[in-house]
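Trainee: Handing you this structure, nothing more for now.
The values are calculated or read from the model by the stated rules, or taken from the named source; none is laboratory data. This is a predicted model, so every value here is computed, not measured. For neighbour counting, all protein chains shown are included, and Cβ atoms are generated from backbone atoms with ideal geometry for every residue, glycine included.
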Amino acid sequence: MAEIKLDVRGETCPVPLVEVRKALRQATPGDIVEVVGTHPSSKKEIPLAIKALKLELLSVEEEGGTWKIRIQR
């Protein structure tokens, strides 16, 4: 099992979601994708996309305007 880390801080939509989709395509089942970003609407859009893809959203955390989302492929 691998862990893929994405840093999209400072990026605005649709870049964070596009990067997450790219990482998920490269990931194998069981891999964890961790995304760190600052764009508020991406924090809402990424979990919605994960649900639509029927993948597991492990956690969404936010601290000081920076959020972290963990997804299992």
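Results for (1) in a strand (DSSP E or B); (2) surrounded by fewer than 18 Cβ atoms within 10 Å (Cβ to Cβ), shown as yes or no for each residue.
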site	(1), (2)
Lys5	yes, yes
Gly10	no, yes
Glu19	no, no
Thr28	no, yes
Val36	yes, yes
Leu58	yes, yes
Ile71	yes, no
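Trainee: For segment 10-37, enumerate the residues that are in contact with a strand residue (DSSP E or B) (Cβ under 9 Å, 6 or more places away or on another chain), closer than 9 Å to Arg73 by Cβ and among the β-branched types (Val, Ile, Thr).
Mentor: Ile32, Val33
Trainee: Can I ask one more? In the set Ala23, Ala52, which member is of a type in the set (Gly, Ala, Ser), at pLDDT 95 or above and within 10 Å of the chain's Cα centre (by Cα)?
Mentor: One residue alone meets the criteria, Ala23.
Trainee: Criterion first (within 9 Å of the chain's Cα centre (by Cα) and modelled with pLDDT of 95 or more) does Leu17 satisfy it?
Mentor: So Leu17 passes the test.
Trainee: Counting just the residues of segment 38-56 that are part of a loop (DSSP other than H, G, I, E, B) and in contact with a strand residue (DSSP E or B) (Cβ under 7 Å, 6 or more places away or on another chain), which one comes out farthest from Leu17 (Cα to Cα)?
Mentor: Applying the filter and picking the extreme gives Leu55.
Trainee: If you go through segment 21-68 one residue at a time, how many are free of Cβ contacts under 8 Å to residues at least 40 places away in the same chain, in contact with a helix residue (DSSP H, G or I) (Cβ under 6 Å, 6 or more places away or on another chain) and under 17 Å from Ala2 (Cβ atoms)?
Mentor: Counting residues in segment 21-68 that are free of Cβ contacts under 8 Å to residues at least 40 places away in the same chain, in contact with a helix residue (DSSP H, G or I) (Cβ under 6 Å, 6 or more places away or on another chain) and under 17 Å from Ala2 (Cβ atoms) gives 1.
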